[in-house]
Amino acid sequence: FVLENRTGAGGTIGALSVARAAPDGHTLLLGTTSTYVVAPFVHRPPPYDPTTAFEPVIVLSEGAMVLCTHPRTDLRTAAEVVAAARQRPEQLTLASAGAGSLPQVVGEVFAALAGVRLTHVPYRGGALAMNDLIGGQVDLFFEVVSNVAQHAEAGRVVPLLTTGAARSPLLPGVPTATESGYADLTLASWTGLAAPAGTPQPVVETLNREANAALLSQEGQALLARLGIAAVGGNPAAMAARITREAAVYRRVIDARRITAG
């Protein structure tokens, strides 16, 4: 494998380059939740249709998102966040990794489910957003658990809920969204492998088989454990179904809340 990082526009530049590549199995997309089900819909017009532009190969891994705050806010549960947001509409600030990024959209899903409005503060990347949360310049931030756990352990941030179906082993004391009353917030940050549309099925099946074997290997399991994320695996149909299902969820919120990339 030769890795080529094509950044920009929330991953759509890299995704487009793969969508336009020869469908021979030699050019693949290592994409994220944003690439497959968020970024296409925060651009006008959408640069590609994620349900038809690619041949899904496999969902490799996933990790829950966590809603966190700064200790100075005195907010210690999701219910307290909602109550504060209702008392002070649009005064609580929600940091994100950028306009139209996954942290913003997940935050907007939470706000929509709770029936509140938060003031979005976009940053040029998640690290900058986290720095300002730790510094107390913003009130709330949704980030992947693996990027929050060390800060929570040190008391720099307060985790309030996670979006996984089960509690995260990295933050076992933090309730899930379902436990907090938001069963529809079981949204994860995931990574998947895809090929250009039209790639022959035998090639897709070979890639899927080898990727599953890597995930099940001792080395693969150890690596994911160190990163605090879970292996997923499965067949191409499962990834295709996930893209279709989550694209509908995110697109509905993106359109309703008029979220754009710029």
Query raised in the report: Tell me, which strands (runs of 3 or more DSSP E) lie completely within segment 101-184 with 1 or more residues that are surrounded by fewer than 18 Cβ atoms within 10 Å (Cβ to Cβ) and at pLDDT 95 or above?
Result: 119-122
Query raised in the report: Quick one: in segment 89-100, which of the residues that are modelled with pLDDT under 95 and either of a type in the set (F, W, Y) or under 17 Å from A261 (Cβ atoms) (or both) is surrounded by the fewest Cβ atoms within 10 Å (Cβ to Cβ)?
Result: A99
Query raised in the report: Do we find a residue being open to solvent by 10 Å² or more (accessible area, probe 1.4 Å), in a loop (DSSP other than H, G, I, E, B) and among the hydroxyl-bearing types (S, T, Y) anywhere in segment 74-82?
Result: yes
Requested in this report: Please tell me if R124 is over 26 Å from A248 (Cα atoms) and among the basic types (K, R).
Outcome: yes
Report summary line: Inside segment 207-226, the number of residues satisfying the requirement of being modelled with pLDDT under 95, closer than 13 Å to L60 by Cα and open to solvent by 80 Å² or more (accessible area, probe 1.4 Å) is 3
Report summary line: When segment 178-191 is checked residue by residue, the ones that are farther than 13 Å from G63 by Cβ and either touching a His at 6+ places or on another chain (Cβ under 6 Å) or in contact (Cβ under 8 Å) with a residue 40 or more places away in the chain (or both) are S180, G181, Y182, D184, L185
Report task. Test I254 against the stated conditions and say whether it is in contact with a Ser or Thr (Cβ under 7 Å, 6 or more places away or on another chain) and open to solvent by less than 30 Å² (accessible area, probe 1.4 Å). Result -> no
Report summary line: Exactly one of R6, R86 is open to solvent by 70 Å² or more (accessible area, probe 1.4 Å) and more than 19 Å from the chain's Cα centre (by Cα), and that residue is R86
Query - Filter pass, R245 being open to solvent by 50 Å² or more (accessible area, probe 1.4 Å) and without any contact (Cβ under 8 Å) to a residue 40 or more places away in the chain - result: yes
Report task. Being open to solvent by 20 Å² or more (accessible area, probe 1.4 Å) and more than 14 Å from I243 (Cβ to Cβ) is the filter here, so list the residues in segment 22-59 that pass it. Result -> A22, P23, D24, H26, T27, L28, L30, H43, R44, P45, P47
Report summary line: The number of residues in segment 22-35 that are part of a helix (DSSP H, G or I) and in contact with a Phe, Trp or Tyr (Cβ under 8 Å, 6 or more places away or on another chain) is 1
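The values are calculated or read from the model by the stated rules, or taken from the named source; none is laboratory data. On a predicted model such as this, the values are computed, not experimentally measured, just so you know. When we count neighbours, we look across all protein chains shown, and the Cβ atoms used for this are built from the backbone with ideal geometry, even at glycine. Calculation scope for accessible area: heavy atoms of the full protein, side chains included, ligands and nucleic acids excluded. Shrake-Rupley method; radii C 1.70, N 1.55, O 1.52, S 1.80 Å.
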